[in-house]
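Structure first, commentary second.
FYI, it's all coordinate maths here, none of it is from the lab. Computed from a prediction, not measured in an experiment: that's the story for all the values here. Cβ placement follows ideal geometry from the backbone for every residue including glycine, while neighbour counts extend to all protein chains displayed.
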Amino acid sequence: MSEQKNFFAESKHAIEQYLHDRLLLIKLQLTEKISKLVAVIFTGMLIAMLSFFIILFLSIMAGYYFAYLTGNMYLGFAIVAAFYLIVLIIIILLRKKVIEKGIVNTIIKIMFEKHHDEHESKQE
């Protein structure tokens, strides 16, 4: 009888340890995935900010160039504004098909990315 109690006590301890280790593994995997997601978001924001400044200065330069060609400052910058209005309309029309789908797919790819070790152990 004592041997049976020892077996159940050891089994209970092993199950508790397994659950604790499994929970720790899940926490670590979640932390890794969130870290990758934050890194992708930060990199995207940095690229977006630098792109914004590049586009801003190129737009100012284009505005002055078109003003020089047309001889009218307002018309030169209106041409640049019309270009951005067309780009805005295209983005609004394509946002669900291209932009939102791309963002969702990127997040899903990061969150459900298989670990190299997990993939190898399942193949064996």
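Working note: 222 nm ellipticity from helices only, DSSP H runs with n ≥ 4, each -39,500 (n - 2.57), summed and divided by the residues of the chain, gives -32000 deg cm²/dmol to the nearest 500. Applying both filters, DSSP loop and at most 12 other Cβ atoms within 10 Å, to the trypsin sites (Lys or Arg not before Pro) of region 31-123 gives K114. The mean sequence distance of close C-alpha pairs (under 8 Å, at least 6 residues apart), as a share of the length of region 23-81, puts its relative contact order at 20 percent.
Here region 53-97 is described by how far its Cα atoms reach on the three principal axes: 40, 20, 11 Å, from widest to narrowest. Per-residue 3J(HN,Hα) values for region 95-112, derived from phi via the Karplus relation 6.51 cos²θ - 1.76 cosθ + 1.60 with θ = phi - 60°, read 4, 6, 6, 9, 6, 5, 4, x, 5, 4, 5, 5, 5, 4, 4, 5, 6, 10 Hz in sequence order (x marks Gly and Pro).
About its Cα centre, the chain has a charge dipole of approximately 620 debye under the convention of +1 per Lys or Arg Cβ and -1 per Asp or Glu Cβ, with nothing else charged.
Taking Cα pairs under 8 Å and at least six residues apart, what relative contact order does the chain come out at, in percent? For the chain, the relative contact order is 20 percent.
Taking R0 as 22 Å, what FRET efficiency do you get between I108 and S35 from their Cβ-Cβ distance, rounded to the nearest 0.05? Plugging the Cβ-Cβ distance into 1/(1 + (r/R0)^6) gives 0.85. The alpha-carbon of K97 sits under 28 angstrom from the alpha-carbons of these lysines, leaving out residues fewer than 8 places away in its chain: K33, K36, K109, K114.
Computed from Cα positions, the angle between helix 73-94 and the longest principal axis of the chain comes to roughly 30 degrees. Using 0.36 nm per residue and subtracting the Cα-Cα separation, the extra length available between Q4 and I86 on full extension is 21.7 nm.
Residues considered: E100, E32, E16. Largest GNM mean-square fluctuation over the chain, using C-alpha springs under 10 Å, is found at E16.
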